[in-house]
1. Hey, can you tell me all the residues within segment 150-165 that are over 15 Å from residue 289 (Cβ atoms) and surrounded by fewer than 23 Cβ atoms within 10 Å (Cβ to Cβ)?
2. Just to verify a result, which residue in segment 260-272, among those that are more than 21 Å from residue 155 (Cβ to Cβ), free of Cβ contacts under 8 Å to residues at least 60 places away in the same chain and of a type outside the set (Gly, Ala, Ser), is most open to solvent (accessible area, probe 1.4 Å)?
3. How about segment 133-168: which of its residues are modelled with pLDDT of 95 or more and either outside any helix (DSSP H, G or I) or farther than 20 Å from residue 287 by Cα (or both)?
4. Name, by its number, the condition in (1) modelled with pLDDT under 95; (2) under 20 Å from residue 8 (Cβ atoms) that does not hold for residue 80.
5. Failed condition for residue 222, given (1) within 20 Å of residue 166 (Cβ to Cβ); (2) without any contact (Cβ under 8 Å) to a residue 40 or more places away in the chain, with all others met?
6. For residue 181, only one of the following conditions fails: (1) assigned to a loop (DSSP other than H, G, I, E, B); (2) at pLDDT 95 or above; (3) open to solvent by 20 Å² or more (accessible area, probe 1.4 Å). What is its number?
7. In segment 18-59, what count of residues is obtained for those that are part of a strand (DSSP E or B), of a type outside the set (S, T, N, Q) and in contact (Cβ under 8 Å) with a residue 12 or more places away in the chain?
8. Just one of (1) in contact with a Pro (Cβ under 8 Å, 6 or more places away or on another chain); (2) over 15 Å from residue 156 (Cα atoms) trips up residue 177, so point out which.
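The values are calculated or read from the model by the stated rules, or taken from the named source; none is laboratory data. Worth saying up front: this structure is predicted, and the values here are computed from it rather than measured. Neighbour counts run over all protein chains shown; Cβ positions are idealised from the backbone, glycine included. Calculation scope for accessible area: heavy atoms of the full protein, side chains included, ligands and nucleic acids excluded. Shrake-Rupley method; radii C 1.70, N 1.55, O 1.52, S 1.80 Å.
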Amino acid sequence: MEIFDMREFDAHEQLVFGHDPASGLRAIIAIHSTARGPAAGGCRMWSYATTAEAVADVLRLSRGMSYKNAMAGLPLGGGKAVIIGDSRRKTPELFEAFGRLVDSLGGRYITAEDVGTTTQEMAQVARATRYVAGLGRAPGEAGGDPGPKTALGVFLGIKAAVKFRLGRTDLAGISVAVQGVGGVGYHLCAQLAQAGARLAAADVRPVALQRVCDEFGAAPMPVEAALSADVDVLSPCALGAVLSAQSIPQLRARVIAGAANNQLAQGQDGAALPAAGILYAPDYVINAGGIISVAHEYAGGTEAQVDADIREIPVRLTEIFERARRENRTTNAVADQMARERLGRRSAKLVA
């Protein structure tokens, strides 16, 4: 595997492989950039078919975190970790071993929960390192499960995208298909239902799907049908690379705005979306609520500060939408350029 020649490598600063035979840990930490501060990003646990697949994923996710943190104005660089394994078979020993791996980097990387991991497991990581966030919190303090914060940012971003593309200032009667109703998608469905949206939902887990159908009146649909659903808004909230040369011709939504990372299979796939009359909210801009919470928790900030920063997400998205229309460019190209420009500028520290 020629890692330096991989398209996903993209000038990463560091790639660390960790193995602990006693716990069975096999993990990879990718640090894309520390130009703005320590690299921050969650730890994903997934049953990757090959090590090469895991490397490609962690590199894509890590660069995405650099862009996400830069666009959110956070004093953090971009990093990510993946643990190779079945997320249904987890032990405290495995996460303590992962904590030791994180600690060995001396603060260059700050971890948190992600797909396949939880706040409880981050508490186990914290037994071995202080470079971890997404833990419990006292009333009024920033922290805890970042999933609801990500959902809030996506909800506000959907409202901004609907206003820009459909000319609507509310979501009453707007049809939304949510693909993936886990830690983020569930909370997003709650907010959409409260706003009066007509919900359809898909998930590979029948129990999770039934929950949002029972609680929020969502109409169930097969996972394979979600992308082609005849709705106003498609919200991908599961895994990435769902928008591809194969899937885009099947889309019928007019807005795509969701929490999943790396929704575009290839950067050039973004050009097919406006050509089809679809407004795309760049994923690392709209889904920044969780890392905003993590950043303020790590700095000792407050819940009010987290909420105020999350409410800037629709402002940034609208700026991207307007600039893309004015310059006749894709929204993902505009966002990428803005992120790269900000990567070279160190942000002011968060105020606790």
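1. Across segment 150-165, the qualifying residues are 163, 164, 165.
2. 268
3. 166, 167, 168
4. Unmet condition: (1).
5. Condition (1) is where residue 222 drops out.
6. Condition not satisfied by residue 181: (3).
7. Of the residues in that region, 16 qualify.
8. (1)
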